[in-house]
Amino acid sequence: MVAMHFARLQRLHTWLGRALGLSLLALVVVVVWGSYQGTLTPGRAARVLGRWGVFPGLPSPWQVALIAGHRGHDSGAVCADGLQEVTITTAVADRTAAYLRRRGADVLVLDEYDPRLTGLRAEALVSIHADSCIDLTGFKVAGPAETVIPEADRRLVHCLETAYARASGLKQHPNTITRNMTGYHAFQRVAPETPGAIIELGFLGADRALLQTGQEHMARGIAEGILCFLEGQGEW
Ligand SMILES: [Zn+2]
């Protein structure tokens with residue numbers, strides 16, 4: 001009885017050893033072949049590993065810049081009771097940054113007219129704002145009207161729209177996209193090859209409760225939208 005168990009265990013041991021050996025061999029083949037073909041770069045490897053967590057020592061795969069709308073400049077929209085847009089945008093920008101950092105991104109949270117915007121190179125720039133205190137509901141996302149990278153900008157906008165709608169539960173309110181959004185000052189300040197988007201999280205009027213208590217969902221939506229873009233997903 002004991003001998004039979006032992007023989008079985010030994011067979012299992014041999015089999016597991018072979019399976020492990022074959023997996024390692026396959027991994028070596030993939031790495032060598034990928035490096036030889038130029039399809040496996042340290043950046044790409046870091047990107048793949050970054051999906052499962054932050055690995056110390058690996059270069060950060062992504063540089064992301066967020067603008068905390070109005071911060072360092074003015075208060076943005078103000079409601080009758082004193083609620084300020086900048087309070088919301090700053091909190092959501094900080095939460096978004098924390099979420100992205102947990103996924104291995106390098107994140108800068110910038111002021112509205114931050115001097116670092118000039119010539120800024122990043123894999124994505126997203127400015128976070130909220131709409132006025134009127135009785136409307138909905139969010140919207142816009143990219144630059146003038147751009148040398150229209151496909152990248154459109155894909156970033158589309159990724160943000162999809163992920164933010166899912167996470168926040170809000171519907172889009174596209175009829176109020178203005179030239180203030182598509183001609184947003186930061187789009188022209190950053191390096192031309194930096195993809196950019198601006199999001200209006202919702203209206204301080206009818207979306208007020210969500211803007212105050214649903215910030216974690218909003219931040220997750222923005223972060224997931226940015227990750228969708230960085231990972232090369234999202235049709236437009
Ligand atoms: Zn604003």
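Quick one: order Leu136, Leu211 by neighbouring beta-carbon count within 10 Å, fewest to most. Before the final figure, lay out each step's value.
Details: Leu136 16, Leu211 25.
Final ranking by Cβ density, sparse to dense: Leu136, Leu211.
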Given backbone amide H placed at 1.01 Å from N, residues whose amide H is under 5 Å from that of Leu108, ignoring those fewer than 5 places away on the same chain, are Val64, Ala65, Leu66
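Counting DSSP beta bridges with both partners in region 105-236, what percentage is antiparallel, nearest 5? Each step should come with its number before you reach the end.
Values: 3 of 10 bridges.
Antiparallel: roughly 30 percent of the beta bridges in region 105-236.
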Residues whose placed amide H lies under 5 Å from that of Ser127, excluding near-sequence neighbours: Ile67, Ala197, Ile198, Ile199
Let me spell out the model: positive unit charges on the Cβ of Lys and Arg, negative unit charges on the Cβ of Asp and Glu, origin at the Cα centre of region 111-236. What dipole size does that give, in debye rounded to 20? 100 debye
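Every read-out reported here was derived from the displayed coordinates using simple, explicitly stated rules and does not represent laboratory data. It should be emphasised that the depicted structure is a prediction, and the values quoted were computed from it without experimental measurement. Methodologically, a virtual Cβ is constructed for each residue, glycine included, from the backbone with ideal geometry; neighbour enumeration extends over all protein chains shown.
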